[in-house]
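First comes the structure, then the notes that go with it.
The values are calculated or read from the model by the stated rules, or taken from the named source; none is laboratory data. Just so we're clear, the structure is a prediction, and the values are computed from it rather than from any experiment. No Cβ is skipped: glycine too gets one built from the backbone with ideal geometry, and neighbour counts run over all protein chains shown. The protein model used for the area step is the full one, side chains on, heavy atoms only, and it has no ligands, DNA or RNA in it. Shrake-Rupley method; radii C 1.70, N 1.55, O 1.52, S 1.80 Å.
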Amino acid sequence: MRLEAEAVVKRFGAFAALDGASFSTGGDARVVALLGPSGGGKSTLLRVLGGLLLPDAGEVRVDGQALPHDEAAALRVLRQNGFVFQGYNLFPHLTALQNVVLPLCEVHGQPRAVAEDRARELLARLGLAEHLRKRPAELSGGQQQRAAIARALAPRPRLLLLDEPMAGMSHAESERVVEMLRALKGRYTVLLVEHDMDAVFALADRITVLVYGRVIACGTPEQIRGHDAVRVAYLGTQEESV
């Protein structure tokens, strides 16, 4: 999947969260990370690219086709994408297994037996095989986030959007998720917003840096590491490295 944004603007009142941002994932399935200081527009761009927010100006294209600016079309786009947010967003009254199975059945129309097999497989790969019957309140923050990742992956989305997926995880839990995402390379296009720099540079094929709603740099991890404008804007110094 090739995902592009051209001169996208998104305002919240008088505040421009995105101010003419342009972006491209490139042509192949790959992991693309969005970096930048807090308030730079990363999460807003992620939501616009995924169809959760409609841009006020500019254009988003998927495989060369512009996405219409209407809510019905956005809902159709959403069904093709998988989202993970730092707040987990699990249903509190459902078990980990049910949280993955329910959307597969109700949203994607899969038979329950098929959905349960898929859910068990993913939860096991994420180290949750012994926690299938636990509700979110009985899980640690990292376990809840891994269940949310399983839920996002379950329908085999074309695009996987991850907004700080390692939030609340221990180092060991983050490493498990990094390994799983690395194994998905070439099968999904992944957009990643993450403050864990080790995870970003271990996973990303390409990095885009936003500051004040504008893209200031885009390139490979090696190129971004040595980019002077990124050092100044993101770290506040030219002596430190990303």
Hey, Leu18 closer than 30 Å to Ala202 by Cβ and in a loop (DSSP other than H, G, I, E, B) or not: no
Hits in segment 96-109 - residues which are in contact (Cβ under 8 Å) with a residue 40 or more places away in the chain and over 25 Å from Gly142 (Cα atoms): Val107, His108
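Rundown of residues vs (1) basic (Lys, Arg); (2) modelled with pLDDT under 95, yes/no style:
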| residue | (1), (2) |
| --- | --- |
| Leu94 | no, no |
| Leu97 | no, no |
| Gly109 | no, yes |
| Arg112 | yes, no |
| Ala119 | no, no |
| Leu126 | no, yes |
| Leu132 | no, no |
| Glu138 | no, no |
Options Thr208, Thr237, Thr220: the member that is modelled with pLDDT of 85 or more, hydroxyl-bearing (Ser, Thr, Tyr) and surrounded by fewer than 15 Cβ atoms within 10 Å (Cβ to Cβ): Thr220
Exclusive hit being within 19 Å of Ile216 (Cα to Cα) and surrounded by 14 or more Cβ atoms within 10 Å (Cβ to Cβ), set Leu54, Leu46: Leu46
Qualifying residue in segment 15-29 (condition: in contact with a Gly (Cβ under 8 Å, 6 or more places away or on another chain), of a type outside the set (A, V, I, L, M, F, W, C), open to solvent by 30 Å² or more (accessible area, probe 1.4 Å) and under 20 Å from Asn81 (Cβ atoms)): yes
Index of the failed condition, Ala5 passing every other in (1) of a type in the set (Gly, Ala, Ser); (2) at pLDDT below 90; (3) touching a helix residue (DSSP H, G or I) at 6+ places or on another chain (Cβ under 9 Å): (2)
Within segment 144-170, tally of residues that are free of Cβ contacts under 8 Å to residues at least 40 places away in the same chain and either of a type in the set (A, V, I, L, M) or surrounded by fewer than 24 Cβ atoms within 10 Å (Cβ to Cβ) (or both): 4
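Among the residues of segment 108-124, write down those that are among the basic types (Lys, Arg) and either crowded, with 17+ Cβ neighbours inside 10 Å or not in a helix (DSSP H, G or I) (or both).
Once the filter is applied, which keeps residues that are among the basic types (Lys, Arg) and either crowded, with 17+ Cβ neighbours inside 10 Å or not in a helix (DSSP H, G or I) (or both), segment 108-124 yields Arg118, Arg120.
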Residue within segment 192-199 that is among the hydrophobic types (A, V, I, L, M, F, W, C), touching a Lys or Arg at 6+ places or on another chain (Cβ under 8 Å) and at pLDDT below 85 present: no
Residue among Ala33, Ala72, Ala14 that is modelled with pLDDT of 90 or more and over 20 Å from Leu160 (Cα atoms): Ala14
